[in-house]
Amino acid sequence: ASSKEYWGVGGRASFGHRYSPVSAWRVNLTGYENSINNRHYARGMVGADYMMDLTTLGKGYDTDHAVRLRALVGLDLGADYKQMGKPHFISETHVGGQLCVRLSPRLELYVEPQAAYVMGGGHKMRRERLEGRGYLGLNYAIHSREGKTSRDIDPEHKHFVSFGIGTGAHTGTV
């Protein structure tokens, strides 16, 4: 297998909820695509992540942090498909971080590296494998209609949406 077969393109759309200045959860729809042995390979997954704001933990709560660092851990479930084959159940656990730069009170640009342990799938020689991936994306805070002042919820708006694109690489058999 050539080294390019270990690389693919992915995308993720998420909806999240911050339940404290330090903690949040998000649910994700994730897709991934590449070519293995000149055959199309795709993966679709639904998952959830727990996120912790390390900047708030280390420096205290402040609505004016221009840069934030978050840690995350999550689980995804879904299916993969290889051309001329049938879909197979796949799951993964992952850990990672998010380095965010605040562009406005509601918008952040982020870089998110992750390490994942993938289980299952249709590749007999690759049923369990490690993957590294990275996303570049945007977090957008949704306006809260709870009657609070903007200072009470900014930048920790209760709900947020996130869109990211990225690339990933996986090892061979673990």
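Rule-based calculations on the coordinates, nothing more; no lab input. A quick note: this is a predicted structure, and the numbers were derived from the prediction, not measured. As a convention, Cβ positions derive from the backbone with ideal geometry for all residues, glycine included, and neighbour counts pool all protein chains shown.
Regarding region 22-124, what is the average projected area of its C-alpha convex hull, in nm²?
7.5
Give, rounded to the nearest 20 debye, the magnitude of the charge dipole that region 10-68 has about its Cα centre when Lys and Arg contribute +1 at Cβ and Asp and Glu contribute -1 at Cβ.
That gives a dipole near 220 debye.
Assign unit charges at the C-beta atoms only (+1 for Lys and Arg, -1 for Asp and Glu), then state the dipole size of region 1-141 relative to its Cα centre in Debye, rounded to the nearest 20.
In total the dipole reaches around 360 debye.
Which net charge results for the neighbourhood of PRO87, defined as the other residues with beta-carbon distances under 13 angstrom from its beta-carbon, given Lys and Arg at +1 and Asp and Glu at -1?
In short, +2.
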